[in-house]
Amino acid sequence: MSDAKKVLVVEDEALLLFSIADELRDCGFEVLEASDADEAMELLQKHPDVGLMFTDIDMPGSMDGLRLSAAVRDRWPPVKIIVTSGKSRPGSADLPSEGRFMSKPYTPSAVVLAMREMLG
């Protein structure tokens, strides 16, 4: 599956992380998983071929999902970004350029569609 699109899913709730990661794998994506921003940054350093990051906004640790998105946009501009939350709805100015927001609860099919659109 070397032609699979590589995506990074960042979610601190283990069941949500495993669920969406499995759905994405079933749809042909190569998936990396991180439970916080620090782990996500480490994975991005090790895997420069990540094409898209799907991150929760509300996470514990050194950065929330919006700060992580801004850091990724600055350091890895080609990475497409989708942020999600069940608690807040960021304005377009809060999202990285060309970033998208999906509110929770989301359907896996909606996430897959958005990813395919963004990755081309």
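Quick note: the coordinates plus some simple rules give every number you see, no bench work behind them. Since the model is a prediction, treat every value here as computed from it, not as a measurement. As a convention, Cβ positions derive from the backbone with ideal geometry for all residues, glycine included, and neighbour counts pool all protein chains shown.
For segment 1-110, the set of trypsin sites (Lys or Arg not before Pro) satisfying both a DSSP loop assignment and a count of at most 12 other C-beta atoms within 10 Å is given as LYS87.
Mind sorting THR55, THR84 by how few other Cβ atoms lie within 10 Å of their own Cβ, fewest first? Show your work: numbers first, answer last.
Details: THR55 27, THR84 23.
The most exposed by this proxy come first: THR84, THR55.
Using the Cβ of MET115 as centre and a radius below 10 Å, the other residues enclosed give a net charge of +3, where K and R count +1 and D and E count -1.
Fully extending the segment from LYS46 to GLU98, taken as 0.36 nm per residue of separation minus the present Cα-Cα distance, adds 16.3 nm.
By the count of other C-beta atoms within 10 Å, a proxy for reagent exposure, MET53, MET59, MET41, MET102 are ordered fewest to most as MET102, MET41, MET59, MET53.
Matching the structure-derived percent of Cα pairs over 18 Å apart against the labelled list [x] 55; [y] 49; [z] 44 gives the label [z].
Cross-link reach is defined here as a Cα-Cα straight distance under 21 Å, omitting same-chain residues fewer than 8 places apart; for LYS46 the lysines meeting it are LYS5, LYS6, LYS80.
Extension gain for the segment LEU113 to SER19, taken as residue separation times 0.36 nm less the Cα-Cα distance, is 32.2 nm to one decimal. Among VAL50, VAL79, sorting on how many other beta-carbon atoms sit within 10 Å of each Cβ, with the fewest leading, yields VAL79, VAL50.
Given R₀ = 25 Å, FRET efficiency for SER88-ASP38 by Cβ-Cβ distance, to 0.05? Calculated transfer efficiency: 0.75.
Which value, in debye to the nearest 20, gives the size of the charge dipole of segment 11-120 about its Cα centre, when Lys and Arg are +1 and Asp and Glu are -1 at the Cβ?
Values: 11 positive and 20 negative charges, 95 e Å.
Here the size comes out at about 460 debye.
In summary, the lysines within cross-link reach of LYS87, defined as a Cα separation below 23 angstrom excluding same-chain residues under 8 places away, comprise LYS104. A crude spin-label estimate for the pair TRP76 and ASP26, with each label 7 Å from Cα along the Cβ direction, gives 2.6 nm.
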